[in-house]
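What follows is calculated from the coordinates using simple rules that are stated; it is not laboratory data. Quantities reported herein were computed from a predicted structural model and do not represent experimental measurements. Note: ideal-geometry Cβ built from the backbone for every residue, glycine included; neighbour counts use all protein chains shown.
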Amino acid sequence: MKVRTRFAPSPTGFMHLGGMRTALYCYLYARKNGGDFILRIEDTDQERFVEGATEVIYSSLKEGGMTYDEGPDVGGNYGPYIQSQRKEIYQKYAKELIEKGGAYYCFCTKERLETLKDDLGNTRYDKHCLNLSKEEIEQKLRDGVPYVIRQNIPKVGVGTYEDAVYGTISVDFSELEDNILIKTDGLPTYNFANVIDDHLMGITHVIRGSEYLSSTPKYNLMYDAFGWERPCYIHLPPIMKDATRKLSKRYGDANFDDFVKKGYLPQAIVNYIALLGWCPKDNSEKMTMDEMIEKFSLDGVSKSPAIFDDVKLRWLNGEYLKAMTDEEFYNVAKPYIEASKVGTKYDNRLIAPLLKTRVEILSEIPDKINFLEEFEEYSLDLYYHKKMKTDKEMAKVVVPLIYKTLESIDTFDHDTIYTSLSNCAQENGYKSGQVLGIARVALSGKEVTPGGSVELAQILGKQESLRRLQFSMDLLNK
RNA sequence: GGCCUCAUGGUCAAGCGGUUAAGACGUCGCCCUCUCACGGCGAAAACAGGGGUUCGAGUCCCCUUGGGGCUACCA
């Protein structure tokens, strides 16, 4: 049978990384097994619906490289893929389940339910309406009494199933409540919709968070009542913000979009979250999507929660950046360079390569290059370098030599600048490092700079370089 | 509270009865070097605790402790 997995988020906000990882594993498992990956929107809770959230789901999955074979915006043979558009379907199956004895109408009022609260504030429905006669039910229905449909869970017995990552899970039916399947508004709850849709959409492998581990037996009861085959279950451990808090949208952190905005590459984010809860056999870390598909396997999925470590994400993002060609890097860095103080003043194609090994996330770029436009009076102590044996006295005589050297060349490319400066050092009895080091300070006025004097001179150009050297000479002679 | 579940360095993790208990991030040191990075080399750092089972336990079982989840007309 063809493998079919589904990612079924509810559109209640932004795409958070936990959901992103669930989607990724669904995608990887489907692709690995030559199956289909389906997107279904679970919007049965009209109260929590957030405008625009559905579009964010679409775009995030696409940006993350997880193309779905079926979904609201791409179609498919099992639609509609939005639950609010499937209301009649749920109604039909709810009635069928009632006939089969797996569910029943409940007319209890909120007030009555209140009286059922135990000392911990938990209500446990007492199956009160299960005892209603057929006539009573029909009468209430005719009278338009508001109702819900509840699942009829046996009082005794044990629900057992095999989870692909957690193993055998058993829950005593007495622990389970007769949940509401269809709400007063006629829409189903997750408890019902997921079962109906997963079956109708031919989902073979249900991949979702571990929060469903203990309620799965309830769903199995329905599969059984309908006479449907139960899917394979693959529950995933949570991703944590720290040791005690789950990474969730409630804290407003961990939105995929936010990370992209901060200058993380979608591929790096996806690659990183893949590693939170899964480890390939060969222990690879940096992987392309195709490599992940190839290596993905369920026995590498872990059971314990993983803490999200943005330091490691940064590192991985940096690895992606460093692996880019200069052209690729220039393209992603361009907007950030242009947003810095430097703007478009210089040839940004010369600046970009300096940044590639020096930033881990793109948003660090402005701070790294703003110094180019911050040339002003600086401390002459910067010329002191113990190992190179340079100081401001040496600078006083060397900076003019540098000035003359650069003044004499017309092609301001890397090689020309480097060779002429080296020659200058040699001819005057200095080590090239001494001249280069002094030049770097004289051109930047900074203790640290990304790149050396040659790169700086090249970026600044002849005119600006000479202007700065003149400034430094004046400063040294003050 | 009840039920489900998890537990290897600071973090992600390999391990699936016999290992000097991998690797990665981070940290620290050294090398390279015109500064900062990159790169290279190296170091410190872990089986939550207690009982069993076994010739032998990080690996299997039980308890304790700690974490997470469920216990909604949310998913």
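Where does the range A:414-466 land on the Kirkwood hydrodynamic radius, alpha-carbon pairs, in angstrom?
Answer for the range A:414-466: a Kirkwood hydrodynamic radius of 11.1 Å.
Report, to the nearest 10°, how far helix A:87-99 tilts away from the longest principal axis of the Cα atoms in chain A, using its own Cα long axis and a range of 0 to 90°.
40
If one takes the longest principal axis of the Cα atoms in chain A, at what angle in degrees, from 0 to 90 and to the nearest 10, does the Cα axis of helix A:326-338 lie?
Result, in degrees: 90.
Output the Cα-based Rg and Dmax of the range A:361-431 in Å, rounding Rg to one decimal and Dmax to a whole number.
For the range A:361-431, the Cα-based Rg and Dmax read 15.2, 43 Å.
Pairs of lysine in the range A:1-148 with Cα under 15 Å and at least 8 positions apart or on different chains: total?
Within the range A:1-148, the lysine pair count is 7.
Calculate the length of the line joining the C-alpha centroid of the range A:80-114 to that of the range A:171-237, in whole Å.
14
Using a Cα distance threshold of under 19 Å, what count of lysine pairs results for the range A:375-478 when pairs must be 8 or more residues apart or interchain?
The result is 19.
If you take the Cα Rg of the range A:375-478 and divide it by 2.2 N^0.38 Å, with N the number of residues, what do you get?
Relative to the 2.2 N^0.38 Å estimate, the range A:375-478 comes out at 0.94.
Under the rule that a partner needs its Cβ under 4.7 Å from the first Cβ, which Cys of chain A have none?
A:Cys26, A:Cys108, A:Cys232, A:Cys279, A:Cys424
In what sequence do A:Thr416, A:Thr344, A:Thr357 fall when counting other Cβ within 10 Å, fewest first?
A:Thr344, A:Thr357, A:Thr416
For chain A, state what percent of all Cα-Cα pairs lands in each successive 10 Å bin, counting from 0 Å until the bin that includes the largest distance.
With 10 Å bins starting at 0, P(r) equals 4, 16, 20, 17, 12, 10, 8, 6, 5, 2, 0, 0.
Which FRET efficiency value, to the nearest 0.05, is calculated for A:Ala243 and A:Val74 with the Förster distance at 51 angstrom and r the Cβ-Cβ distance?
0.80
Calculate one ³J(HN,Hα) per residue across the range A:200-207 by plugging θ = phi - 60° into the Karplus curve 6.51 cos²θ - 1.76 cosθ + 1.60, and present them in order as whole Hz with x for glycine and proline.
4, 8, x, 5, 9, 10, 8, 10
Pairs of Cα atoms under 8 Å, at least six residues apart: use those to get the relative contact order of the range A:375-478, whole percent.
34
Return the FRET efficiency for the residue pair A:Asp326, A:Lys95: r is the Cβ-Cβ distance, R0 is 60 Å, and the value is rounded to the nearest 0.05.
It comes out at approximately 0.40.
Pop a pseudo-label 7 angstrom from the Cα along the beta-carbon direction at both A:Asp381 and A:Val156 and give the gap in nm to one decimal.
8.6
With runs of 4+ DSSP H residues as the only contributors, calculate the mean residue ellipticity of chain A at 222 nm using -39,500 (n - 2.57) per run, divided by the residue total and rounded to the nearest 500.
Helix-only estimate at 222 nm: -13500 deg cm²/dmol.
For a quick check: with amide H placed at 1.01 Å from N, whose amide H comes under 5 Å from A:Thr390's, ignoring anything fewer than 5 positions away on the same chain?
When sequence neighbours closer than 5 places are left aside, the close amide H contacts are A:His385.
Can you give me the relative contact order of chain A as a percent, contacts being Cα pairs under 8 Å and 6 or more apart?
The normalised contact order for chain A reaches 12 percent.
Can you tell me the relative contact order of the range A:299-360? Whole percent, Cα pairs under 8 Å, sequence separation 6 or more.
Computed over the range A:299-360, the figure is 42 percent.
Rounded to the nearest 5, what % of the DSSP beta bridges within chain A are antiparallel ones?
55
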